[in-house]
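*Asks:* The structure's right below; bear with me while I get my questions together.
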Amino acid sequence: MSDKAAATIDPVLEEAIFTRRVLRFTLGIGLAVTISAIFAWQLAFIVPVLVAKFLVDRTEPTVQTVYELLISMVVTIAIAWLVSFGPVQYPLVLLPLLALLMLWAYYLFSDPKWNFFATILIVSTLVLPYLGILHPGAAIVVGVGLSFSGVVAVLIFTLLHILLPDLSPNRETHIAAGLTNDQRLYESVRALIIAFPVITFFYFFEITGALLTMIFIAILSLQSAGSKSVKVSLFLLITNGIGGALAVVFYNLLVIVPELVFYVGLAMICALFFSQKIYSDPAKAPIFAGIFSALLVVVGSTASSTDADVATNFYIRIAQLFMVGVYMVVASFFLETRNWKFLTKRSAV
């Protein structure tokens, strides 16, 4: 839709569009949190994060959404099967394969049309082989759980649009990538350089308790490459810090009132607040979406935890979130202060 057409939208209609989107987002998060908390399958806490991503990034469900879901399910199960019976005990074979899959995910993520599939792909690529090393056989269970989380997220997203169709006259669901293929490849390699050293460290030393850290790295590394990677990484560190601080408040309220209804209600209040910020100022939407995603991941993973010492593990998750953010800033700064001629020559063509 052109700027001229956007300017002619009736103010009453514009207000109705805003109200409906806020309502859809709030109800969607409430439904996602309820389902994931009640059934609590493996990686169920990812559902609210995916639902929020759909509602912010996409105007309505399309055939492309279903297509991405089906492909992501097939790829996730394939990776889970491969690491269950494949070369997980041979790092010199496994790590190059992971690097190729990560590079593919980064390349796809730079095209908005494929960022949902890229998100599932990078999480599957990092988490499933890691689990396959630490707990042989667990990769299949977690892979199925991740695929099921994607299915539930798409179903919630579709249901909400059936009940509350979008009123916007702009039906464009995706925007163009805005980069040439060479530029996308260049940024993908940069993202790989940022994330891969810490991934290699985890795999070689088989560090236990780092599953959530791997998920943080998987999600954040998708957004930390590019010509302003240091600024983006600083932005991610700030948003994650705020999200972590809010998660502390959220968690302590849950300790006081450990009831599902209260948990869902609190999540919906947060969703109501953040959705108004997201939809009222699109320029700042990534800031508020990033804070809310950090909040959902930390609180959701803690609420679904079966560990005996939940409180200690919660603060460990907060520390992991902060450490990943610091690492992203340091790695991005190192990357931008080096002259990567072997990358820039091709991208400049």
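*Asks:* Please report, in cubic angstrom per residue, the volume enclosed by the convex hull of the alpha-carbon atoms of the stretch 101-157.
*Replies:* Spelled out: Cα convex hull of the stretch 101-157, divided by residues, is 60 Å³.
*Asks:* So what's the stretch 14-69 giving for Rg/Rh, alpha carbon basis, Kirkwood Rh from the mean inverse pair distance?
*Replies:* 1.03
*Asks:* Same structure, new question: Is the shape of the stretch 35-97 best called rounded, prolate or oblate, per the rule: a/c under 1.5 gives rounded, else a/b larger than b/c gives prolate, else oblate, with a ≥ b ≥ c the square roots of the Cα gyration tensor eigenvalues?
*Replies:* The shape class here is prolate.
*Asks:* What shape does the stretch 61-189 have by the C-alpha gyration tensor, where a ≥ b ≥ c are the square roots of the eigenvalues, rounded means a/c under 1.5, and otherwise prolate means a/b greater than b/c and oblate the rest?
*Replies:* Details: a/c = 3.84, a/b = 1.45, b/c = 2.64.
It is oblate, given that a/c is not under 1.5 and a/b is not larger than b/c.
*Asks:* To one decimal place, what Kirkwood hydrodynamic radius in Å is obtained for the stretch 1-136 from all pairs of distinct Cα atoms?
*Replies:* This gives a value of 17.5 Å.
*Asks:* What ranking do 14-23, 89-98 get when scored by the average of other Cβ atoms within 10 Å per residue, highest first? Provide the component values of the computation, followed by the final result.
*Replies:* Details: 14-23: 15.5, 89-98: 13.5.
Output ranking for 14-23, 89-98: 14-23, 89-98.
*Asks:* With the Cα gyration tensor of the stretch 79-130 giving a ≥ b ≥ c as the square roots of its eigenvalues, does the rule (a/c under 1.5 for rounded; else a/b larger than b/c for prolate; else oblate) give rounded, prolate or oblate? Numbers along the way, then the final one.
*Replies:* Details: a/c = 3.51, a/b = 2.03, b/c = 1.73.
Cα axes put the stretch 79-130 in the prolate bin.
All of the numbers you see were taken from the coordinates with simple rules; none came from a lab. Just so it is clear, the structure is predicted and the values come from calculations on it, not from any experiment. Positions of Cβ are backbone-derived with ideal geometry, glycine not excepted, and every protein chain shown enters the neighbour counts.
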